[in-house]
1. Give me the three principal axis extents of region 143-246 from the C-alpha atoms, as integers in angstrom, largest value leading.
2. Assuming 0.36 nm per residue, please report the length gained on full extension of the stretch LEU287 to MET116 beyond their Cα-Cα distance.
3. For Cα Rg over 2.2 N^0.38 Å, several values are listed as [x] 1.22; [y] 1.35; [z] 1.39; flag the one computed from this structure.
4. Run the helix sum for the chain: -39,500 (n - 2.57) per DSSP H stretch of 4+ residues, divided by residue count, reported at 222 nm to the nearest 500 deg cm²/dmol.
5. So which residue, out of PRO220, PRO66, PRO36, gets the largest mean-square fluctuation from a GNM of the chain using Cα contacts under 10 Å as springs?
6. Can you compute the equivalent ellipsoid semi-axes for region 56-204, i.e. the square root of 5 times each eigenvalue of the Cα gyration tensor, sorted largest first and rounded to whole Å?
7. Would you mind calculating the relative contact order of the chain from Cα pairs under 8 angstrom and at least 6 residues apart, reporting the percent as a whole number?
8. Could you check which residue among TYR123, TYR74, TYR266 shows the biggest mean-square fluctuation in a GNM of the chain with a 10 Å Cα cutoff?
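The values are calculated or read from the model by the stated rules, or taken from the named source; none is laboratory data. For clarity, every value in this text was computed on a predicted model and none was experimentally measured. Only protein heavy atoms, including side chains, enter the accessible area calculation; ligands, DNA and RNA are left aside. Shrake-Rupley method; radii C 1.70, N 1.55, O 1.52, S 1.80 Å.
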Amino acid sequence: MTTTDVPAPTAHRSAASAQRRPTRERQGAAWVFLSPWVLGATVLTLLPMAVSLYLSFTDYDLFDPPHWVGLRNYVQMFTEDPRYWRSVLTTLTYVVIAVPLQLGLALVVALALKGMKRGKGFYRSAFYAPSLLGASMSVALVWRAVFNDGGTVDHLLGTGGWVNQPGWALLAVALLTVWQFGAPMVIFLAGLQQIPAELYEAAAVDGAGKWRQFVSVTVPMLSPVLFFNLVLQTIQAFQVFTPAFAISAGKGGPADSTLVYTLYLYDRGFVASHMGYASAMAWVLLLVIGAVTAVLFRTSRSWVFYASEGER
């Protein structure tokens, strides 16, 4: 063996090191690009969540140091606070009203836009605009004026201001959410455009009318998109705050009829300065949303159809 020869084991290790070096360099570059997101997620999400979890077991008023009380906030929430259960019932009622109406209207408009030959882009943009504007406080205040005594609805229907009637106030809040149907509408429209025309042609040959085609072709083929919208809108509905805050002037009235969960959480944390109690409410809301989402995913196996899998 000459002095220039390299023993086989040494050559193998050199080749392996040369292969690992580019991998380490790529991993290092990936972490450099990911570092802003990791830092933001840690500082702005994970750390506040950890602090909130700790505060949920304390008595904290934003001014004095937290005092550990164990499960007292949770016990008080479930057994001693009737307004808490009122907010739970109001939120569930709101979700049951707002989500189906919003998704139903979004689907109807998407079906209408799909069949349009002219002006589809204009109408799509026009119907999507409320989704960009509806979450703002200014629009919510205008909505309150429309449904207030002497407002547009009062003049047209003669029913008085909805926002001042316990039986109608929550419906006014829900209608503001329904008005923001643009985002699910665009998603529905994209899903409708992916359904093969051959399926409708085959159904028509078999004698299926428009309704039968909708039930037997459109709904099954659109079910993944419907499921996606259902999950997103349900999660957002449980977190509704701005419309209820604006329409009720931050009080949840009249007679707590618009006291949704997040509004009561805000009241406990920032009005009454019971931040520990509010943190406990926030964690219960997180667990409930997670449980509802899990139920939706579990039940989707029986009604969501994925064409690539060829089965329900």
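1. Principal-axis extents of the Cα atoms in region 143-246, largest first: 55, 30, 19 Å.
2. 57.3 nm
3. Among [x] 1.22; [y] 1.35; [z] 1.39, the one derived from this structure is [z].
4. The per-residue figure over the chain is -21500 deg cm²/dmol.
5. Maximum fluctuation in the GNM of the chain, among the listed residues, is at PRO36.
6. Semi-axes (√(5λ), whole Å): 40, 24, 16.
7. The value is 25 percent.
8. TYR123
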